[in-house]
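Okay, structure first, notes after.
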Amino acid sequence: MKRVLIIGATSAITTETARCFARDGAALHIVARDQEKLNRLKSDLEIRGAVRVSIDIFDALLPDSHAEVIHQAIEKLGELDGVLIGHGTLPDQSSCQNEWKSCEDAVTVNLISPIALLTDLANYFERKRSGNITVISSVAGDRGRQSNYVYGAAKGGLSIFLQGLRNRLAPCGVSVTTIKPGFVDTPMTADLPKGPLFASAEQVGARIHKAMVRGESVVYTPWFWRFIMGAIVVVPERIFKKLKL
Amino acid sequence: MKCSVNRFESWGRYPKATQSVLSIHSPRARLPLPNESETVLPFGLGRSYGDSCLNDGNFLIDTRELSHFISFDEESGLLRAEAGVSLAEILRIFIPRGWFLPVSPGTKFVTLGGAVANDIHGKNHHRAGTFGNHVTQFGLVRSNGESLTCSPSTNPELFQATIGGLGLTGLIVWVEIRLTKIASPFLNTHLIKFENLDEFMAISHETDSLFDYSVAWVDCIADGSSMGRGIFMAGNFAPPTSSRPPRTLSLSIPCSAPSWLLNSLAMKAFNIVYYNHQRSKVVDALQYYEPFFYPLDAILHWNRIYGARGFFQYQLVVPFQDGAAALKEIFARISRSGRASFLAVLKTFGGVESPGLLSFPRRGVTLALDFPNQGAPTHALMQELDRIVSEAGGALYPAKDARMSPEMFERSFPRLSEFERWVDPRFSSSFWRRVRGSV
């Protein structure tokens, strides 16, 4: 993959994926909220081997501005071979329950914004008739739980959107990849006792790179989450609703 | 068997510590500090063996997010990167482009910040000195809010105090080093079997000017006339070659091994087999850089083979004068105690002086030993070794230590009082409190 667009590029996981592409010698267009972080990542990726790195700022809370983000990316890279959409926010469930505004922001960043980006990207790749679109969803979207169902609903909606898009683009040789990470050991979880279920951002980021290059469909990372979620999904609702999850 | 995946422990897994973790997101971010009187200590990859990377009852600053390269100059080899970048990352990127670390320790899983803070050394100490000798400048953030650039000419006192300063002078946020140009990632290696310590000293003396890199493995179970026998390994980077890097197989020890596994019989067997697997006196071979420099990195979490109680490393240096006698006495002690060291490594240090006030390497012979933690008898043995080291005018390495006395520490580092002036009041470690009383 020679020309790759990465949106939400400065997060721990997407940074690692960008580094894999840099090592491959790809040209990268990286987009995120913070200019300083983007500059820092640009130098890093250039030293690691990226042939060219361009940057752009965007605000996930303003989906109307997203068409311009895609336009800029195509202009900078000439052509796109792959796209990774990796921005997102983990909202506080209790504040989502207490005020609609928190819910709205969470759904905008995690669902509306990716859909806004994907609308133009899908049409672009459909015309191009090759390439890969990868989006980071979450295992939390596989079943609603009381502890984070607003986040879960947004990610679940995103997963279904991607499922449909994959179905639409498959005939023209464009792969759509849904990434579902489990627990990732980032500074956010530094104080939690780490069980064997935790993966590193490096591990997950490298797995995403592999999935993009191969054009896989749905990727649980680490792999065992496919079985954990498979088990969780089949618990009957009359039992599930009484569980503290 | 217990599977612990706590990242914030030391490599020897002794002592155990409980600490909270703060993170820093960028070199320009404000230094995270706890509200009260608690102290902080930077934490990298936790390859210090004892308690110099622990801050029991206090806070650690996780430097993992300081993972970005900042700049590289193809002409001079000057590389600037954030302090959490590991040597493994540097090698992965720069080996294919014909560059190597100016000084490399026996593991590549350490960070740049840790390499400076421990002023690490490697197989080329006799030629190149310590890591600190190749640091051109670094960024240091202090608890008073200052963000300083330190080099031999700018803030020279803090430069000297921070190199080998055990993370106590502030948080190193970025480091600039000069990489070394290499013609290939292979080395022409030269292995010589030696019968005893005197022969090691002679070989080392003869070959130091011929080889950039050298180290020796010692069988510290053999006694009598073959006491101190072992294998001397030396090498130089080779000219361009058509050889291809070998496929690397990486194993991982998933859990703590049961404590009976590494009993003295197993260690005896290992030492005998290791010594005898090289049949001829001298072997020359072309070797890829990874197995030559990092033989143990192929087994991830190898520290778990020592079981849940952990182990001690004991690394000493003694001056050349009287050094051989002291080492013989040490080998005799260990042999008599029946507490074999699984791995014993011997190397000569050269005369290149480090800028670091608290730097460990100094002209002489260094010996590193591993002892499984078997409680009081292990401590007693190391205390006896302390006495021998002290009498020979030697020193112990803080990065490997979990038990030396404050007196032993003071004797090891004559510039200690000069160093102490630069310790940041909000920085401390379990090691520092142990060797300096309650600071």
Filter region A:11-21 for residues that are modelled with pLDDT of 95 or more and surrounded by fewer than 24 Cβ atoms within 10 Å (Cβ to Cβ); which is nearest to the other protein chains (Cβ to nearest Cβ)? A:16
Hits in region B:198-230 (condition: of a type in the set (S, T, N, Q) and touching a residue at least 12 places away in the same chain (Cβ under 8 Å)): B:204, B:207, B:214, B:225, B:226
Selection within region B:290-323 - modelled with pLDDT of 90 or more, in contact with a Phe, Trp or Tyr (Cβ under 9 Å, 6 or more places away or on another chain) and in a helix (DSSP H, G or I): B:292, B:293
Looking at residue B:165, is it outside any helix (DSSP H, G or I) and either closer than 30 Å to residue B:241 by Cα or at pLDDT 95 or above (or both)? yes
Count of region B:339-391 residues which are closer than 28 Å to residue B:210 by Cβ and of a type in the set (A, V, I, L, M): 9
Top-ranked residue of region A:8-29 - restricted to ones that are among the small types (Gly, Ala, Ser), touching a helix residue (DSSP H, G or I) at 6+ places or on another chain (Cβ under 7 Å) and part of a loop (DSSP other than H, G, I, E, B), ranked as farthest from residue A:43 (Cα to Cα): A:8
Can you confirm whether region A:188-204 contains a residue that is β-branched (Val, Ile, Thr) and touching a residue at least 40 places away in the same chain (Cβ under 8 Å)? yes
So for region B:359-375 (the condition being over 30 Å from residue B:229 (Cβ atoms) and crowded, with 19+ Cβ neighbours inside 10 Å), does at least one residue qualify? yes
Exactly one of B:146, B:89, B:157 is of a type in the set (Asp, Glu) and more than 22 Å from residue B:424 (Cα to Cα), and that one is B:89
Checking residue B:135 against (1) buried (at least 20 other Cβ atoms within 10 Å of the Cβ); (2) over 22 Å from residue B:66 (Cβ atoms); (3) modelled with pLDDT of 95 or more: exactly one of these is not met. Which one? (2)
Based on what the data block shows, is residue B:42 of a type outside the set (Val, Ile, Thr) and over 21 Å from residue B:105 (Cα atoms)? no
Have a look at A:46, A:68, A:104 and point out the one that is within 14 Å of chain B (Cβ to nearest Cβ), surrounded by fewer than 22 Cβ atoms within 10 Å (Cβ to Cβ), at pLDDT 95 or above and not in a loop (DSSP other than H, G, I, E, B). A:46
Per-region count, region B:6-24, residues surrounded by 14 or more Cβ atoms within 10 Å (Cβ to Cβ) and touching a Pro at 6+ places or on another chain (Cβ under 9 Å): 5
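Residues are listed down the side, and each one gets a yes or a no for (1) within 22 Å of residue B:270 (Cα to Cα); (2) out of contact with any strand residue (DSSP E or B) (no Cβ under 6 Å at 6 or more places or on another chain); (3) among the basic types (Lys, Arg); (4) not in a loop (DSSP other than H, G, I, E, B):
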{"position": "B:330", "(1), (2), (3), (4)": "yes, yes, no, yes"}
{"position": "B:333", "(1), (2), (3), (4)": "yes, yes, yes, yes"}
{"position": "B:340", "(1), (2), (3), (4)": "yes, yes, no, no"}
{"position": "B:348", "(1), (2), (3), (4)": "no, no, no, yes"}
{"position": "B:352", "(1), (2), (3), (4)": "no, yes, no, no"}
{"position": "B:371", "(1), (2), (3), (4)": "yes, no, no, yes"}
{"position": "B:380", "(1), (2), (3), (4)": "no, yes, no, yes"}
Identify the residue in region B:79-89 that is aliphatic (A, V, I, L, M) and touching a strand residue (DSSP E or B) at 6+ places or on another chain (Cβ under 7 Å) and, among all such residues, is farthest from the other protein chains (Cβ to nearest Cβ). B:83
Among the residues listed as B:403, B:362, B:434, the single one being assigned to a loop (DSSP other than H, G, I, E, B), touching a residue at least 12 places away in the same chain (Cβ under 8 Å), farther than 30 Å from residue B:192 by Cα and among the basic types (Lys, Arg): B:403
Selected residue [among the aromatic types (Phe, Trp, Tyr) and more than 24 Å from the chain's Cα centre (by Cα)] from B:194, B:186, B:200: B:194
Selection within region B:173-194 - out of contact with any helix residue (DSSP H, G or I) (no Cβ under 7 Å at 6 or more places or on another chain), part of a strand (DSSP E or B) and within 26 Å of residue B:80 (Cβ to Cβ): B:173, B:174, B:176, B:180, B:181
In region B:1-56, residue farthest from residue B:316 (Cα to Cα) [restricted to those that are more than 9 Å from chain A (Cβ to nearest Cβ) and outside any loop (DSSP other than H, G, I, E, B)]: B:40
Can you name the residue in region B:65-78 that is hydrophobic (A, V, I, L, M, F, W, C) and at the interface with chain A (Cβ under 8 Å from one of its Cβ atoms) and is also surrounded by the fewest Cβ atoms within 10 Å (Cβ to Cβ) among such residues? B:70
Report yes if residue B:283 is aliphatic (A, V, I, L, M) and either touching a residue at least 12 places away in the same chain (Cβ under 8 Å) or surrounded by 12 or more Cβ atoms within 10 Å (Cβ to Cβ) (or both), otherwise no. yes
Residue A:172 is checked against (1) surrounded by 19 or more Cβ atoms within 10 Å (Cβ to Cβ); (2) touching an Asp or Glu at 6+ places or on another chain (Cβ under 9 Å); (3) of a type in the set (A, V, I, L, M, F, W, C) and fails just one. What number does that condition carry? (1)
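Results for (1) closer than 27 Å to residue B:304 by Cα; (2) of a type outside the set (A, V, I, L, M, F, W, C), shown as yes or no for each residue.
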residue: B:205; (1), (2): no, yes
residue: B:231; (1), (2): yes, no
residue: B:236; (1), (2): no, yes
residue: B:246; (1), (2): yes, yes
residue: B:267; (1), (2): yes, no
residue: B:270; (1), (2): yes, no
In region B:195-208, what count of residues is obtained for those that are touching a helix residue (DSSP H, G or I) at 6+ places or on another chain (Cβ under 9 Å) and either on the phi > 0 side of the Ramachandran plot or surrounded by fewer than 17 Cβ atoms within 10 Å (Cβ to Cβ) (or both)? 3
Sort out which residues of region B:373-401 are among the aliphatic types (A, V, I, L, M) and farther than 27 Å from residue B:325 by Cβ, and write them in order of number. B:376
Of the residues in region A:117-134 that are buried (at least 24 other Cβ atoms within 10 Å of the Cβ) and farther than 15 Å from residue A:1 by Cα, the one that is farthest from the chain's Cα centre (by Cα) is A:121
Considering only residues of region B:138-154 that are in contact (Cβ under 8 Å) with a residue 40 or more places away in the chain and touching a helix residue (DSSP H, G or I) at 6+ places or on another chain (Cβ under 7 Å), which is surrounded by the most Cβ atoms within 10 Å (Cβ to Cβ)? B:138
Kindly indicate which of A:81, A:56 is touching a Gly at 6+ places or on another chain (Cβ under 6 Å) and under 26 Å from residue A:2 (Cβ atoms). A:81
Look through B:384, B:329 and report the one residue that is modelled with pLDDT of 95 or more, under 28 Å from residue B:223 (Cα atoms) and of a type outside the set (S, T, N, Q). B:384
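The values are calculated or read from the model by the stated rules, or taken from the named source; none is laboratory data. Bear in mind the structure is a predicted one, so any value in this text is a computation, not a measurement. Reconstructed Cβ throughout: ideal geometry from the backbone, glycine too, with neighbour counts over all protein chains shown.
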